[in-house]
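Derivation of every value follows stated rules applied to the coordinates shown; laboratory data play no part. Predicted model, so just to flag it, every value in this text is computed and none were measured. For neighbour counting, all protein chains shown are included, and Cβ atoms are generated from backbone atoms with ideal geometry for every residue, glycine included.
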């Protein structure tokens with residue numbers, strides 16, 4: 001199945017850069033899933049029959065938490081083409097925003113200390129008349145800003 005971006009590209013339009021949500025954005029979900037697995041393992045180790053149900057429920061909850069985080073990450077697309085910026089979120093309920101590069105005024109990157117150390121941050125695209133909702137936890141946000149600067153710069 002082709003990505004949303006691939007399905008909406010205009011003839012001759014090419015992808016310049018693809019950004020992704022950082023795994024660090026979902027570290028709490030991953031940790032909660034691991035804790036649920038640890039609870040399941042502890043319940044199984046007790047050798048008591050009634051604990052098997054607790055183990056199964058804890059393992060299913062842990063799996064669900066991790067799967068939801070992975071699906072959210074996989075179904076979020078942020079793409080810079082030679083003509084526009086395309087942001088898409090969601091799997092069943094889709095939320096998309098596109099902005100022509102001619103309308104882009106600036107791209108704001110917000111990184112805290114942890115974001116700078118782990119190379120992720122929030123990105124907000126500001127355009128004439130509107131702005132894209134900030135995208136949280138983008139991997140390598142400065143690379144996205146650099147690529148935007150490269151294509152926005154007039155060649156000559």
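Is the C-alpha gyration tensor of segment 26-71 telling us rounded, prolate or oblate? Criteria: a/c under 1.5 is rounded; beyond that, a/b larger than b/c is prolate, otherwise oblate. The shape class here is prolate.
Averaging the sequence gap over all C-alpha pairs within less than 8 Å and six or more residues apart, then dividing by the number of residues, gives segment 26-71 a relative contact order of 51 percent.
Can you give the Rg/Rh ratio of the chain, where Rg is from the C-alpha atoms and Rh is the Kirkwood radius?
On the way: Rg = 20.3 Å, Rh = 17.8 Å.
Reported Rg/Rh, Kirkwood definition of Rh: 1.14.
By how many degrees, between 0 and 90 and to the nearest 10, does the Cα long axis of helix 141-152 differ from the longest principal axis of the chain? Helix 141-152 sits at roughly 20 degrees to that axis.
Estimated from the Cβ-Cβ distance and a Förster radius of 22 angstrom, the FRET efficiency linking residue 96 and residue 23 is about 0.40. Using only Cα atoms, tell me the angle between helix 51-74 and the longest principal axis of the chain; keep it within 0 to 90° and round to the nearest 10. The angle comes out near 0 degrees.
With contacts taken as Cα pairs under 8 Å and at least 6 residues apart, the chain reaches a relative contact order of 22 percent.
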